[in-house]
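Quick notes on the structure that follows.
Please treat every number below as a calculation from the coordinates, not as lab data. Bear in mind the structure is a predicted one, so any value in this text is a computation, not a measurement.
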Amino acid sequence: MLQATTVQQIADVAGVSSRTFFRYFTRKEHAALPGQHRMLAGVRAFDTSASNPADLLRDIEAMAESVMALETSGDYGDHARVMRLLAKEPELLALAAAQAQVLAGELRARIASQVEGKVDSLTVLLLTEVAVAVWRASWARWGELAAGGKAYDPLEVYRETRAELRRVVG
């Protein structure tokens, strides 16, 4: 299904030109994963003045919350469709995983350049990986809820996921 769909077909359905499409997405597969595109923009704009791990984690979570807040369009059907597409298209699922690695790498580099000498590199690595894992788990949970026909605020799902991680690890 994904292989057979052209960028022009996607652009036509969206009511834009293919040139406009490529202003926002580098590949047609990226259009199916808009949350990752927005998160990458958040990562690239991330700034912190944290001098310890707890403050750094709070700053990362605030950035992730601001990205999740952009997902409150109310069209949960779109997200349910994306989740079904991910389930049917192994290539798209692999792309999502690869993009998560890009997110983690870019976030780690961005943070490392801002906290050098204040937070050690292992802590930066751990916080980065955990932040991306919580973000991905939040998307997965939101997808489960959307597929079940329940309309939940994605920001609240992110907060609940984050709170559950804290409960689990103590």
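For this structure, a couple of remarks:
- 3J(HN,Hα) along the stretch 109-115: 5, 4, 5, 4, 5, 9, 10 Hz, from the Karplus curve 6.51 cos²θ - 1.76 cosθ + 1.60 with θ = phi - 60°, whole Hz, x for Gly and Pro.
- Under Karplus coefficients 6.51, -1.76 and 1.60, residue-wise ³J(HN,Hα) of the stretch 37-43 in Hz, glycine/proline x: 4, 5, 5, 4, 4, x, 4
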